[in-house]
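Participant: Shown below is the structure under consideration.
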Amino acid sequence: MRATMKALKLSGVLTLVAALLVTPQAVTAAEPPAQPAQMAETTATVESRIDDSAKPVDDVTFDECTANHDETETFWFKNRFNICRTQLLELKYQKLVNGVVVHVGSSFFRETVIGVAQDKKGEIKFGYSLKYIRGEREELFDNPFSVVLECGNNDQKRTSTCDYFSVPVDRSVGAWRAAGGEPIWWTATMATTQVPTETDDDKKWQNELRGYFWFDFYRSLSSPIPPPGASRTPKGMFRCDSATYATRGSHCVFTGVVPTMVFDLHSPTYGESSEFIKDAQEDITKTAPGNDPELKVPGKFKESTVSYLYSGYDIERKKDGSRRKVRRACVDEWGAKYTVKDGVKMQCDEYPFASTYQNAALAKEKPFTFGVRRIKASHNIAGGNLIGDWYGREHMLDGDQFYVVVR
């Protein structure tokens, strides 16, 4: 008896085919294992409320993944630190009898993979679950099915390593069924020791040792005679760093997702700042200077992003320049005594934030501009503090992009 196996994709269900040749005639050569999958081009967005900036990040669970992942998308991201994918996996059994291929049956499993970046570490825990759903006709439960994590450097200009236990988990199909979807875990530890210094940004970020990585899962369905049929899950991408100024959150983030900073329009502590940002994004003429309706501010969801400016790299003091510029705009609009209104202390709020590369001092290219508004000092201070906390919670590095939403 000789076996051939191959990986197929049928009707949205990943299928591994085990073809058993039960006659001695005309043995068909098996296909080689599948080549590495192409890198998944994923750009998702996830919302993160500034009110939650002091809270720890919630880890994704397998049940959440099953409930939330839209299988038309490559991955579902709970946040920057948690990724998942789920799909129906068919193990399809065939026999070749007297030269005729006969489909004898299939086993269907719910395959779910997740990645959970570890807090304050350059580590990610990757989990794999295979839960039996149903069978059709004859099922060959003795056939071995194996799976293993794969992880590596995604930027050859950098010297980066992904260290993990690379021995496959090998069980019979029947044993996977009996396990009932109990997850298997791998812990990957990332390190980058050398980075390029070709561009100004490369030089600026050199000490952060940013590394860029990929991961997938390699699975193989075997029968008594090799070679096996094999395939890989789509590749996900992530970045790990050693930046000393970003101490909250994991030092690894999944790069296929852009975070969205969410303001509460009805917040009793910073609501005036929320209302100002909303007006600036929707109609710049509602803010000062606001004299050109053709201009707009960046950061509006799905339209354009803003990017984080770390003060340690602000050697030209653009943050200070932005604040001076907005104060002048407030003086022009409300006079030199704009800091007090009816006995209440006021401050000049600005959008985009001074802590972005799109601040007032850097807003020089049309159609983008900036807006200012006089608001209660307490609201400006509260909002500003939460923004700073949000950068920490999201482990934002200099240049990281994000959207701003008010609702």
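Participant: Enumerate the amide H contacts of Ser267 below 5 Å, restricted to partners 5 or more residues apart or on another chain; note that Pro and chain-start residues carry no placed amide H.
Facilitator: Hits under the 5 Å cutoff: none.
Participant: Now for a different question. Which lysines have a Cα less than 20 Å from the Cα of Lys95, not counting those fewer than 8 places away in the same chain?
Facilitator: In chain and number order, the partners are Lys6, Lys9.
Participant: While we're looking at this one, here's another question. Please compute the modelled spin-label separation between Asp170 and Lys203, points set 7 Å along Cα→Cβ, answer in nm with one decimal.
Facilitator: 5.3
Participant: If each DSSP helix of 4+ residues adds -39,500 (n - 2.57) and the sum is divided by the residues in the chain, what number results at 222 nm, nearest 500 deg cm²/dmol? Can you show the working numbers first?
Facilitator: On the way: 6 runs with 65 residues, N = 407.
-5000 deg cm²/dmol, from helical runs alone.
Participant: Next question, about the same structure. Quick one: which residues, 5+ away or cross-chain, put their amide H under 5 Å from the amide H of His251? H built at 1.01 Å from N.
Facilitator: Placed amide hydrogens put Lys120, Lys121, Gly122, Glu123 under 5 Å from His251.
Participant: If each residue of separation counts as 0.36 nm, what is the full-extension length gain between Thr159 and Asn98 once their alpha-carbon separation is subtracted?
Facilitator: Values: separation 61, 0.36 × 61 = 21.96 nm, distance 5.44 nm.
Extra length available between Thr159 and Asn98 comes to 16.5 nm.
Participant: Next question, about the same structure. Of Lys337/Lys364; Lys55/Lys235; Lys121/Lys278; Lys296/Lys376; Lys121/Lys364, which pairs sit farther than 32 Å apart, going by alpha carbon to alpha carbon?
Facilitator: On the way: Lys337/Lys364 28 Å; Lys55/Lys235 30 Å; Lys121/Lys278 36 Å; Lys296/Lys376 24 Å; Lys121/Lys364 38 Å.
Where the Cα-Cα span goes over 32 Å, the pairs concerned are Lys121/Lys278; Lys121/Lys364.
Participant: Roughly how big is the chain's charge dipole about its Cα centre, with Cβ charges of +1 (Lys, Arg) and -1 (Asp, Glu), in debye to the nearest 20?
Facilitator: Details: 52 positive and 54 negative charges, 58 e Å.
That gives a dipole near 280 debye.
Participant: Once R0 is set to 35 Å, what does the formula 1/(1 + (r/R0)^6) return for the Cβ-Cβ distance between Glu303 and Arg137, expressed as a FRET efficiency to the nearest 0.05?
Facilitator: On the way: r = 53 Å, r/R0 = 1.50.
Between Glu303 and Arg137 the formula returns 0.10.
Participant: Could you derive backbone 3J(HN,Hα) for the stretch 389-403 from the dihedral phi with the Karplus parameters 6.51, -1.76 and 1.60 (θ = phi - 60°), listing whole Hz in sequence and x where the residue is Gly or Pro?
Facilitator: 5, 5, 4, x, 4, 7, 6, 6, 9, 3, x, 5, 8, 7, 9
Participant: Which ³J(HN,Hα) values in Hz, rounded to whole numbers, follow from the phi angles of the stretch 320-332 under the Karplus curve 6.51 cos²θ - 1.76 cosθ + 1.60, where θ = phi - 60° and Gly and Pro get x?
Facilitator: Calculated HN-Hα couplings, in order: 4, x, 5, 5, 5, 5, 6, 5, 4, 5, 5, 4, 4 Hz.
Participant: How large is the accessible surface per residue of the chain, computed with a 1.4 Å probe and reported in Å² as a whole number?
Facilitator: Numbers: 19230 Å² over 407 residues.
Spelled out: the 1.4 Å probe surface of the chain, per residue, equals 47 Å².
Participant: So I have (i) 63, 50, 42; (ii) 96, 42, 36; (iii) 63, 56, 46, and one of them is Cα extents along the principal axes in Å calculated from this model. Which one is it?
Facilitator: (ii)
Participant: Moving on. Lys78: which aspartates and glutamates have alpha carbons under 16 Å from its alpha carbon, excluding same-chain residues fewer than 8 sequence positions away?
Facilitator: Output for Lys78: Glu47, Asp52, Asp58, Asp59, Asp63, Glu64, Asp70, Asp119, Glu394.
Participant: Among the aspartates and glutamates, select those whose C-alpha is under 14 Å from the C-alpha of Lys92, and discard any that sit fewer than 8 residues away in the same chain.
Facilitator: Cross-link targets: Glu136, Glu138, Glu139, Asp142.
Participant: Amide H to amide H, which residues 5 or more places from Lys235 or on other chains are under 5 Å from it, using H placed in the peptide plane?
Facilitator: Ala40
Participant: Taking 0.36 nm per intervening residue step and subtracting the Cα-Cα distance, what contour gain separates Glu365 from Arg328 on full extension? Can you show the working numbers first?
Facilitator: Working: separation 37, 0.36 × 37 = 13.32 nm, distance 2.00 nm.
11.3 nm is the gain from fully extending Glu365 to Arg328.
Participant: Take Lys286, Lys319 and sort them by solvent-accessible surface of the protein heavy atoms, 1.4 Å probe, largest at the top.
Facilitator: Working: Lys286 115, Lys319 35 Å².
The residues order as Lys286, Lys319, largest area first.
The values are calculated or read from the model by the stated rules, or taken from the named source; none is laboratory data. Everything quoted here is computed from the prediction, not taken from an experiment. In this analysis, Cβ positions are derived from the backbone assuming ideal geometry, glycine residues included, and neighbour counts consider all displayed protein chains. SASA here: full protein model, heavy atoms, side chains in, ligands and nucleic acids out. Shrake-Rupley method; radii C 1.70, N 1.55, O 1.52, S 1.80 Å.
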